[in-house]
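Heads up: the structure comes next, in C-alpha cells.
The values are calculated or read from the model by the stated rules, or taken from the named source; none is laboratory data. Everything numeric here is computed off the predicted structure, so don't read it as measured data. Here the Cβ positions follow ideal geometry from the backbone for every residue, glycine too, while neighbour counts run over all protein chains shown.
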Amino acid sequence: MTSGIPVHLPWPYHHGRTHRTGGWLTENPNTVVGFVRKVSVEEAKAKLPFHPIIQNFQAAVYGSPDLRMFASAMLTEVPDKPPYINDPTGTKQIRDFDHLLHLFNYTMQKVAPQWNIDEYHVGLIGVPFNAVLDWPMATPSGYAFFLHKEVNLHMKRILDYWRDHFLSTSASASVLAEEPNGWLSEEARKVIEDETNLDPNHRYSFEELFGHSREDGKHWGFKSWDDFFTRKFADYDKLRPVYAPDDDSWVVSACESKPFALQTHVKAYDTFWLKGQPYSVYEMLDKEEEAEQFVDGTIYQAFLSATSYHRWHSPVNGTIKKVKLIGGTMFSEPTITGFMNPDGPDPAAPDRAQGYITHVATRALIFIEAPEPVGLICLVEVGMVDVSTCDVTVKQDDAVSKGQEIGMFHHGGSTHCLLFRKGVKLTWVTGAFPGVSSKNLPLRGALAHVSSASDRREVSVVMVMAMVMVEDTRAIMDAGGEHGTGYPGYH
C-alpha cells in the first residue's frame, strides 16, 4: 500500500516547518537578544585587544574598496524599524564594522554555546556569530560580502581558532554544568533524552544513552564543549542497530536527522538560489567527474538539530571511491530569504536556505561504491554558518560496512544530502518524507529500499507504510516488502 504522494518530484519537496528548522534558535527571539546583549556587555568590560586574526581581517576589509563598501553597507541597509531595530545585538545596534569585529574577537576567545532554560531549547549555536549577522547577512550588501572569497578565508580562520583554542579546550567546559542554563541541567538532559529515545515503552536516561554521569567527575567526564558535542552512543548495537546489515538493497540513515527535502530528476545545472532551491548537481559536487552519473537522479536532504548526535555513518556497505573537502562560504544566504522576501528575512538564517547552502557552503563529498542495485552514491555533509569543520575519518579505497562511523561535525549543527544515480528505483520508509514525522529519522535505521533491475515494479519515489510486528518482526505494506523502520515504536 502506498500513499498518495506524487512519485515524480522535479522540484524539491520541502519540510513544511522552515521556521527555526534545526532548533538552533529559541522560539522566543527575545532570549537570543538577551544572550547577545549579555555578550556585548561582557566584551565591553573585557576590552580584549584585537587578536592578530581579527587585525588581519580588519586590514583586509579596509584595504579593499569593495569589501569596505559591503561591510559598511550591510549594516546600514538593515531597516531602522521594528523588529530590526531590536536585532540580536541587543541595546547597541551593530551599525559599525569595528563593533562587529570586537564581538567576534571576544567570542572566539571567551564564549561557548549556552543552553537556554527559558524555552527548554538551545540558543543559536555560535551566538553571537550567527545571531549578530542574522540581519546584516540578509541585506543585498551582506549577500555580496559573505560570498566573497577573501571574507570566507578570514571567517574560517576566526572559526578555526574558536574551535581549536577554545571549544576544544577545558576553558569551554564551564557551560557543561548541572545548574540552570547548563548543558547537563535536568531540563537540558530531558530534551536530549526526549529527542534520542525511540521506544515509547522504554526510556533510556542520558547516562544510559551516552555513558557519562556525574560519577565521572567534573562536567560528567566531558573534557570540553566539543567533546560533549561529538559525544558517542554508549552502545550502538543496542540503541541504534544497523537495519538489514547484510541486505545490500537497503540504505540506512547516515545521520540522526530530520528530512528536509526530496527531489527526483535533478538537473546538471539549476537555479538553486531562487525560490524552491532546486538542486544543481554539478555545482553541489564541485564539478567532479562522477557528477554526470547523478544527473536525473534523486537527492534526499535531512538536517541535524541542536541536541542531536553529530557523527556520520555509512548508509551502505561498499568502498570509499573518493573524498573531497570543499572550502566554501560560512554565512551566505540567498536573497530570497533576505530583506527582498515580502515576508521578511529568515530569523534563523540560513535555516530556510538549506538547499542553497549545499552548493556554496563548506562541505565534504564522500563517494561510496556500493554493491548493486545501489551502485555509486555520494554523501554530502554540509557545514552551516559557525560550523566550518567537516571531519572525515575514512579515505579513498577504505572498505566500509553499513552503519560504520565515517566522520563528524564539530562545534555546531548542519545538514546533509544523499545522492543516487539516474535510474535507481527507491522506495522510502514513511518517516523519510519531509514533514511526515516530528522525530528524527534514527541513525543506522531503514531509509530506503532499492529495487533490482529485474524488479519490474514501478516504485520510484513513494512513501511506504511501516508497521511494528511482534518480537521486532516488521513489514512494509508495499506489495510484499519485508522490512520496516528497524526500531520498535518508531513512527
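Side notes on the structure shown:
- Scanning the stretch 297-326 for residues that are hydrophobic (A, V, I, L, M, F, W, C) and under 24 Å from ALA353 (Cβ atoms) returns ILE299, ALA302, PHE303, LEU304, ALA306, TRP312, LEU325, ILE326.
- Tallying residues that are of a type in the set (Phe, Trp, Tyr) and surrounded by fewer than 21 Cβ atoms within 10 Å (Cβ to Cβ) within the stretch 247-272 yields 1.
- Residues of the stretch 43-76 that are acidic (Asp, Glu) and loosely packed, with under 15 Cβ neighbours inside 10 Å: ASP66 alone.
- Inter-residue pairs, beta-carbon under 6 Å, first at negative phi and in the stretch 274-298, second of a type in the set (Gly, Ala, Ser) and crowded, with 16+ Cβ neighbours inside 10 Å, 6+ apart: VAL281/ALA291; TYR282/ALA291; LEU285/ALA291
- Here is the figure for the stretch 115-161: residues that are part of a helix (DSSP H, G or I) and either at pLDDT 90 or above or more than 17 Å from the chain's Cα centre (by Cα) (or both) total 24.
- Residues in the stretch 249-273 that are closer than 30 Å to THR230 by Cβ and among the hydrophobic types (A, V, I, L, M, F, W, C): TRP250, VAL251, VAL252, ALA254, CYS255, PHE260, ALA261, LEU262, PHE272.
- Restricting the search to strands (runs of 3 or more DSSP E) fully inside the stretch 236-342 and requiring at least 1 residues that are in contact with a helix residue (DSSP H, G or I) (Cβ under 7 Å, 6 or more places away or on another chain), outside the structural domain of LEU441 (by TED's automatic domain parsing) and under 20 Å from LYS422 (Cβ atoms) gives an empty result.
- Residue check for ALA171: within 30 Å of GLU195 (Cα to Cα), modelled with pLDDT of 95 or more and out of contact with any Phe, Trp or Tyr (no Cβ under 6 Å at 6 or more places or on another chain): yes
Each row is one residue, and each column tells you yes or no for (1) farther than 21 Å from ALA138 by Cα; (2) at pLDDT below 95; (3) outside the structural domain of ARG157 (by TED's automatic domain parsing).
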| position | (1), (2), (3) |
| --- | --- |
| PRO49 | yes, no, no |
| ILE53 | yes, no, no |
| ASN56 | yes, no, no |
| ALA60 | yes, no, no |
| ASP66 | no, no, no |
| ALA73 | no, yes, no |
| TYR84 | no, yes, no |
| PRO88 | no, yes, no |
| HIS99 | no, yes, no |
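- All of ARG231, ARG203 fail the test of being assigned to a loop (DSSP other than H, G, I, E, B), surrounded by 15 or more Cβ atoms within 10 Å (Cβ to Cβ) and in contact with a helix residue (DSSP H, G or I) (Cβ under 8 Å, 6 or more places away or on another chain), apart from ARG231.
- Per-region count, the stretch 356-409, residues in a strand (DSSP E or B) and not aliphatic (A, V, I, L, M): 11
- Selection count where residues are crowded, with 18+ Cβ neighbours inside 10 Å and over 18 Å from MET384 (Cα atoms), scope the stretch 135-174: 6
- For the stretch 178-186, the count of residues that are buried (at least 17 other Cβ atoms within 10 Å of the Cβ) and not in a loop (DSSP other than H, G, I, E, B) is zero.
- Some residue of the stretch 219-226 being at pLDDT below 95 and more than 28 Å from ALA446 (Cβ to Cβ): yes
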